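> Sending over a structure as structure tokens; questions will come in a sec.
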Amino acid sequence: MEIILLQDIPNLGSKNDIVTVRNGYARNYLIPKGMAISATESAKKVIAENIKQQAFKEAKIKASAEELARKMEGIKLTIGAKTSSTGKIFGSVNTIQIAEALAEKGFEIDRKNIMLPEDQIKEVGNYTAEVKLHREVKVKIDFEVVSE
């Protein structure tokens, strides 16, 4: 029996895939649980249209992320931290401070999308963080940690 998957199912397929399974598996498990629908001609047309619309939306989101990446290139951030006389920071610099510094420059980026070269930065110096704007669009941001 041909079915259209409504969600990702391990070892079977991903969302919107048309797969062939045994009749009992489809009728007794997948369809009643809302994981799949029968692959009729009208259902196939609806899924094809949904895939086309989703691809258009995805392209639009990626284009806006690429535009934001072009604006963010070349930004140099300065983050102040309290330090000892040897240059060690009391505490650490993490993604929260970088997100706040980007917000001051006019870029609202979620801190979960910022990756640091180390988990925490504990010394004064120059570093590079990577900001993930889209699963295919990443931009590197240079920042300097200075003593306050």
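> Being among the small types (G, A, S) and buried (at least 16 other Cβ atoms within 10 Å of the Cβ) is the filter here, so list the residues in region 1-46 that pass it.
G13, A26, A36, A39
> Within region 84-107, restricting attention to residues that are among the charged types (D, E, K, R) and either in a strand (DSSP E or B) or in contact with a helix residue (DSSP H, G or I) (Cβ under 9 Å, 6 or more places away or on another chain) (or both), which residue is farthest from V145 (Cα to Cα)?
Among them, the one singled out is K105.
> Go through (1) more than 30 Å from V21 (Cα to Cα); (2) among the basic types (K, R); (3) free of Cβ contacts under 8 Å to residues at least 12 places away in the same chain one by one and return the number of the condition K45 breaks.
Of the numbered conditions (1) more than 30 Å from V21 (Cα to Cα); (2) among the basic types (K, R); (3) free of Cβ contacts under 8 Å to residues at least 12 places away in the same chain, the odd one out for K45 is (1).
> I'd like to know if region 73-80 contains one or more residues that are under 30 Å from I121 (Cα atoms), of a type in the set (D, E) and assigned to a helix (DSSP H, G or I).
Checked region 73-80: no residue is under 30 Å from I121 (Cα atoms), of a type in the set (D, E) and assigned to a helix (DSSP H, G or I).
> Given the options A63, A101, A81, A129, name the one that is out of contact with any strand residue (DSSP E or B) (no Cβ under 6 Å at 6 or more places or on another chain) and surrounded by 10 or more Cβ atoms within 10 Å (Cβ to Cβ).
A63
> When you check A59 against the structure, is it assigned to a helix (DSSP H, G or I), in the same structural domain as K15 (by TED's automatic domain parsing) and closer than 30 Å to M1 by Cβ, yes or no?
no
> Hey, another quick one. Which number in (1) surrounded by 11 or more Cβ atoms within 10 Å (Cβ to Cβ); (2) in a helix (DSSP H, G or I) marks the one condition that E49 misses?
(1)
> Right, next: Residue by residue through region 116-132, note down the ones that are part of a strand (DSSP E or B) and either at pLDDT below 90 or of a type in the set (K, R) (or both).
Within region 116-132, I121, K122, E123, G125, K132 meet the criteria.
> Which numbered condition in (1) farther than 21 Å from R135 by Cα; (2) out of contact with any Ser or Thr (no Cβ under 9 Å at 6 or more places or on another chain); (3) without any contact (Cβ under 8 Å) to a residue 40 or more places away in the chain is the only one that K52 fails?
Only one criterion is unmet by K52, namely (1).
> Let me ask another. Output the qualifying pairs, or none if there are none: Cβ atoms under 8 angstrom, residues six or more apart or on different chains, first residue in region 12-36 and outside the structural domain of A48 (by TED's automatic domain parsing), second residue modelled with pLDDT of 95 or more and surrounded by 14 or more Cβ atoms within 10 Å (Cβ to Cβ).
Nothing qualifies.
The values are calculated or read from the model by the stated rules, or taken from the named source; none is laboratory data. Fair warning: this is a prediction, and the values are worked out from it, not measured in the lab. Backbone-built Cβ (ideal geometry, glycine too); neighbour counts: all protein chains shown.
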